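Values quoted throughout were computed directly from the atomic coordinates according to the rules given, and no laboratory measurement underlies them. Only a predicted model underlies this, so the values are computations on that prediction, with no experimental measurement involved. Quick reminder, even Gly has a Cβ in these numbers, built from the backbone with ideal geometry, and neighbours come from all protein chains shown.
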Amino acid sequence: MEIRPAAARGCSCSSGIHARFSFDFGEWTSPLGASFGALRVLNEDRIGGGRGFATHGHSDYEIISLVLAGTVRHVDSLTGRATRCSRGEVQYTCAGTGIEHSEHNDDDDGDGGGGGDSDTDGRELHLMQVWLRPHTLRLPPRYEVRAFRDWAAGDTGGALRLLLSAEGARGSIRMSADASVLVGAWPPPPPPPPPAAAAAQAPAPAAEWQLEAGRSAYVHLIAGSARVSLAAAAGGDDLAVVTLGTGDAVAVAASDGGKGGGGSDGGGGGGTSDAAVAHSGAGVARVLRIAPAVGARPAATEVLVFDLGSTEQHWQALSVEQKFAAFLAAHEAQRSSLVRGL
């Protein structure tokens, strides 16, 4: 398990948009790599009222917007109409053979505490932007929006809510990537009654997700502080344990199965783990367990989880020309999506 501290993310702040990049994006190059398996882009965007991304194109990527706060107004060439998505809604686009779209903060009324700055007037839009490599290129474009009420309410009941998957299982959106996208949300713990004020805080129930043999995972903490552990599905002690703060992430390779330890102090951007990683997990099913960290400041906890299959076989099957075309399309999409709308 490899910690990706929040402080290692890239940053861009321009025209009312504050963005943090987990992987290579635009002109920024991540010291931790351009991608992780099929996960190519994981951006956290905070967008001021009326601001956003002007019309730009995508092809051969699965494009996902996860709205954390505010409302995004989306217009695309596939539907030809504007749609609006708010907290707890997932916006999915299979770019396939090519689409053009724009995304803007739908709130530009200027009464959201912007202090008269035209870059920040209106209520802030906060969302996660995800690009996944598809399992098949040149697919027909497709667009879908779905709401998840428990996530919108900030409480997924001690479990991970499946948002998107290759099979469209358990009420999730079906997508064209060998991946699953999940979210977990825990509300702030209630304050203890006065007699128990000095007692140790009882741990919240851990959400579990089984990683089948040969699969990897990427866990990104959106908010709060969380304990993430990895164990063999057959049982036994934890193979690795880390604590994440806001903005931290941990990458779990298909081969990970060694001892780990340590973690951040719950304040974000300071995770650690054992440097030694055993490579015995590639053929073994494992279980991820995630729960709010005990003793952290009472706050809501929210985590984003990616269950990822191998993309090596798919990309090795492509011709040199196909790989080059996919690279150019991705580079152009990154460059053009950095253009800020008015």
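Report note on the peptides 176-182, 31-37: ranked by the mean count of other C-beta atoms within 10 Å, highest first, their order is 176-182, 31-37. If R0 is 41 Å, the Cβ-Cβ spacing of Arg81 and Ser30 corresponds to a FRET efficiency of close to 0.70. Judged by the mean number of other Cβ atoms found within 10 Å, the most tightly packed of the peptides 140-150, 86-96 leads the ranking 86-96, 140-150.
Full extension of the chain between Glu212 and Arg138 yields a length gain of 23.8 nm, computed as 0.36 nm times the residue separation minus the alpha carbon distance. When the Cα gyration tensor is reduced to axis lengths a ≥ b ≥ c, the ratio a/c stays below 1.5 for segment 1-158, which is therefore classed as rounded.
Modelled this way, with points 7 Å down the Cα-to-C-beta line, the labels at Arg149 and Ala7 are 4.4 nm from one another. With 0.36 nm allotted per residue and the present C-alpha distance subtracted, the Ala233-Ala159 stretch has 24.9 nm of extension available. Distance between the C-alpha centres of segment 42-100 and segment 158-179: 19 Å, rounded to the whole angstrom.
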